[in-house]
Amino acid sequence: MMLIHCTKKLMAKLPFEESPAVDYLSAPAQQFYNWHANLITIQRKQCVILVNDATRYAVFLPSMTKSELKHFDYHFHDVFVNSLIKAGLDYPLIEVAAKHLHDTKFHYDTVCSRSVQGTMRLMTEDLNWSLYHNSQHIDDVAVYTTSAWLSDRPCNIKGVKDCIWPVKAMSELLSQL
């Protein structure tokens, strides 16, 4: 059961009702299934950035139209699994991720962590700067590579002394599932 903690701005655009999930999963599974999502505007296009709560692994969904938001789970699954390939994870770990996402129900709420939202804000700023610096249009980005690139950076988590690297942290989490 995937739980997406949406900002109120994103929740207003999604064609789904708020439906918090019940926590009955093991600790690694809860960490895998908890994500934050935010609706951002880049170059006048609606985009969604998702960040895993525990690992800070990012999934970037550019130019999301109203009809694409209806199939939010499909787009998340596609970009997440393919970005793991781009990030260089071992194939057995990618299979674990795909297996855990297959037929998973998505639940949405508006409970948000300021720590995760701060990570999303920094990633959004880096993405905006990169597009501006490279004179690139948002429709020309390589989606899977961009998600892997956003996850290839040190991140801070409130209450954790050392920085974590999202790709490495996601790899470790998938190996525990």
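In nm, to one decimal, how far is the modelled label at ASN134 from the one at ASP109, with both set 7 Å along Cα→Cβ?
The modelled label-to-label distance comes out at 3.7 nm.
Order of TYR33, TYR57, TYR132 from fewest to most other C-beta atoms within 10 Å?
The order, fewest Cβ neighbours first, is TYR132, TYR33, TYR57.
So what is the 222 nm mean residue ellipticity for the chain from helices alone, if each DSSP H run of at least 4 adds -39500 (n - 2.57) and you divide by all residues, rounding to the nearest 500 deg cm²/dmol?
Mean residue ellipticity at 222 nm (helix-derived): -13500 deg cm²/dmol.
For TRP165, TRP149, TRP35, which order do you get if you count the other beta carbons within 10 Å of each Cβ and list the fewest first?
TRP165, TRP149, TRP35
What ranking of CYS47, CYS112, CYS163 emerges when the number of other C-beta atoms within 10 Å of each C-beta is taken as an exposure proxy, fewest first?
Fewest-to-most ranking of CYS47, CYS112, CYS163: CYS163, CYS112, CYS47.
Filter the chain for me: DSSP H helices, axial length by Cα at least 20 angstrom, mean Kyte-Doolittle hydropathy not below -1.0. List them by residue number.
72-86, 114-133
Bin all alpha-carbon pair distances of the chain at 5 Å intervals from 0 and give each bin's fraction as a whole percent.
1, 8, 18, 23, 22, 17, 8, 2, 0, 0
Percent relative contact order of the range 2-176, based on C-alpha pairs within less than 8 angstrom and at least six residues apart?
The value is 30 percent.
Which of the residue pairs LYS9/LYS99; LYS13/LYS105; LYS9/LYS70; LYS8/LYS70 have a Cα-Cα distance greater than 24 Å in the structure shown?
LYS9/LYS99
How much of the DSSP beta bridge set in the chain is antiparallel, as a percent to the nearest 5?
Of all bridge pairs located within the chain, approximately 60 percent are antiparallel.
Test of understanding: what is the full-extension gain from HIS100 to ARG121, defined as 0.36 nm times their sequence separation minus their Cα-Cα distance?
4.8 nm
Roughly how compact is the range 32-97, stated as its Cα Rg over 2.2 N^0.38 Å to two decimals?
The value comes to 1.15.
Every number in this text was worked out from the coordinates using simple rules, so none of it is lab data. Small disclaimer: the values here were computed from a predicted structure and weren't measured. Quick reminder, even Gly has a Cβ in these numbers, built from the backbone with ideal geometry, and neighbours come from all protein chains shown.
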